[in-house]
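Enquirer: One structure, as structure tokens, below. Some questions next.
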Amino acid sequence: MKRILLFITLILIVLGCTAVEDNTVITIKGVLVDQEINPIQGLKIELISSEIESSQELQNFGFNLNQINRIDVFDVTNERGEFKFFFPRSSLKFALFIDLDQGLYFQSIEPDENFPILIIEDSNSLDLNFEDLMLIPN
């Protein structure tokens, strides 16, 4: 009797599972480092939705907290400074965000144009890898 119940339970579990298709989830990962290329451990980084369309728009008009929508997706960097997000594919414009109270900005190529937000300009890509994102004190 126990074998029959176990067998029925296994069949129900297998039939109830659905596979996630490869094109329905995006992966965003990267490494946060300081100015000496040392990994930054224990930093909270958020995946947000942003009204800002491009890095150029951010540089031209600046940053305001009203331009972002927090979607409660975050990670804390490990000892190697790594973070990773998995999120359902959508039409949102994504960005990476470091809360202002953490005191760090993403370093820009242009001086005096460092922001706590990094626009993901290719939000339609399924696998994004940001290697060695440099952060500087704000």
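Enquirer: List the number of the failed condition for Asn66; all other conditions in (1) surrounded by fewer than 17 Cβ atoms within 10 Å (Cβ to Cβ); (2) modelled with pLDDT of 95 or more hold.
Expert: Of (1) surrounded by fewer than 17 Cβ atoms within 10 Å (Cβ to Cβ); (2) modelled with pLDDT of 95 or more, only one is false for Asn66: (2).
Enquirer: Please verify whether Phe85 is at pLDDT 90 or above and surrounded by 15 or more Cβ atoms within 10 Å (Cβ to Cβ), treating the condition exactly as stated.
Expert: So Phe85 fits the description; yes.
So that you can scan it fast, the table gives a plain yes or no per residue for (1) part of a loop (DSSP other than H, G, I, E, B); (2) under 16 Å from the mean Cα position of the chain (by Cα); (3) closer than 26 Å to Asp112 by Cβ; (4) without any contact (Cβ under 8 Å) to a residue 40 or more places away in the chain:
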{"position": "Gln35", "(1), (2), (3), (4)": "yes, no, yes, no"}
{"position": "Ile45", "(1), (2), (3), (4)": "no, yes, yes, no"}
{"position": "Ser49", "(1), (2), (3), (4)": "no, yes, no, no"}
{"position": "Phe74", "(1), (2), (3), (4)": "no, yes, no, yes"}
{"position": "Glu79", "(1), (2), (3), (4)": "yes, no, no, no"}
{"position": "Lys84", "(1), (2), (3), (4)": "no, yes, no, no"}
{"position": "Leu92", "(1), (2), (3), (4)": "yes, yes, no, no"}
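Enquirer: Still on this structure, I have one more. Tell me, please, whether a residue that is out of contact with any strand residue (DSSP E or B) (no Cβ under 7 Å at 6 or more places or on another chain), closer than 28 Å to Thr24 by Cα and among the small types (Gly, Ala, Ser) can be found in region 68-81.
Expert: Taking every residue of region 68-81 in turn, none turns out to be out of contact with any strand residue (DSSP E or B) (no Cβ under 7 Å at 6 or more places or on another chain), closer than 28 Å to Thr24 by Cα and among the small types (Gly, Ala, Ser).
Enquirer: Please determine whether any residue of region 7-18 is at pLDDT 85 or above, on the phi < 0 side of the Ramachandran plot and of a type in the set (Val, Ile, Thr).
Expert: No, there is no match, as no residue in region 7-18 is at pLDDT 85 or above, on the phi < 0 side of the Ramachandran plot and of a type in the set (Val, Ile, Thr).
Enquirer: Exactly one condition in (1) at pLDDT 95 or above; (2) over 17 Å from Asp101 (Cβ atoms) is false for Thr77; which is it?
Expert: (2)
Enquirer: Of all residues in region 94-118, count the ones that are at pLDDT below 85 and either of a type outside the set (Val, Ile, Thr) or surrounded by 12 or more Cβ atoms within 10 Å (Cβ to Cβ) (or both).
Expert: Residues flagged as at pLDDT below 85 and either of a type outside the set (Val, Ile, Thr) or surrounded by 12 or more Cβ atoms within 10 Å (Cβ to Cβ) (or both) within region 94-118 amount to 5.
Enquirer: Are any residues in region 51-72 among the hydrophobic types (A, V, I, L, M, F, W, C) and either in a strand (DSSP E or B) or closer than 18 Å to Ser91 by Cα (or both), and if so, which ones?
Expert: The first filter runs over region 51-72 and keeps only residues among the hydrophobic types (A, V, I, L, M, F, W, C), leaving 52, 58, 61, 63, 65, 68, 71.
Selection gives Ile52, Ile68, Ile71.
The values are calculated or read from the model by the stated rules, or taken from the named source; none is laboratory data. Keep in mind it's a predicted model, so treat the numbers as computed, not measured. Positions of Cβ are generated from backbone atoms using ideal geometry, with glycine treated the same way; all protein chains shown enter the neighbour counts.
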